[in-house]
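J.: The structure under discussion is supplied below as structure tokens; questions concerning it will follow.
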Amino acid sequence: MLARGVLQQRGRLAACSRLLAAGGTSKGTAPKVDATAASGRLSKELWTVPNMITVGRMLASPGLGLAIAHDMKEVALIGCALAGFSDWLDGYIAKNYNQMTVLGGMLDPIADKVMIGCLTAGLAFKGLMPVELVGVIIGRDMALIIASFAIRGYEKPKDAPFFDTTYSATFEIVPSTLSKVNTGLQFVLVGSTLGSFYCNVPDVALLQPLWWLTGGTTILSGAGYLTGSGVRRISARGVGRGLDDEKYKS
């Protein structure tokens, strides 16, 4: 019994030593992040097929906006169709070929916002959409992106890479039902206005009720994030997904 007790005590001391060497404590504070390993993990996450498709769609968005502004109708229409297909394709590959990543979950909605912003800006330049509505859409999305980055920068552990949230996330954005409805309305509005741009169907005057509906849901859904309803806490101290207290996962 004495020998067993000594061995158990040695085991506990060894476990504590390993934990302290990793930068943590027996009370559950966040472990120290290995910067080299995290950098390698970030590089691996970035160079997946879905993420490269998403980045490509994001980089192509300003070109589509310019195509609309310069009356390159066929280029704009084909480009938008390809962008829509790529949005479906990256999600399909990620889900069915085990390539879902934390970084991809961040990039995909940002790519959608960049696409919507560039297309609406081009359509507003052609006088097919009110400048005020475009300002509301782009302004809300920019505010959400900047706020997310600001919270991430303030709360992330000191040694954690900014974009690798695998083991250092403290929150995630959870779109409300109203926000999802708004996103759908934005795509319907952009698609309908592109039809008007390409072949004058539907007439721009018929889209005015959709302007008001889209603008209203954009403002209301943006205001919802100010109350914190669109932010879900997943960690108290930046320890990360699956490593923190259970109460922060509900």
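J.: For 176, 148, 61, what's the fewest-to-most ordering of other Cβ within 10 Å of each Cβ?
T.: 176, 148, 61
J.: Continuing with the same structure: Determine, for region 33-248, the count of lysine pairs separated by eight or more sequence positions (or lying on different chains) whose alpha-carbon distance falls under 22 Å.
T.: Counting lysine pairs in region 33-248 gives 10.
J.: Working out 0.36 nm times the residue gap between residue 229 and residue 132, then minus their Cα-Cα distance, what length gain in nm do you get to one decimal?
T.: 32.3 nm
J.: So, one more: Neighbour counts of other C-beta atoms within 10 Å: give me 193, 177 arranged from fewest to most. Before the final figure, lay out the partial values.
T.: Working: 193 24, 177 9.
By the 10 Å Cβ count, ascending: 177, 193.
FYI, it's all coordinate maths here, none of it is from the lab. Model, not experiment: these values are computed from the prediction. No Cβ is skipped: glycine too gets one built from the backbone with ideal geometry, and neighbour counts run over all protein chains shown.
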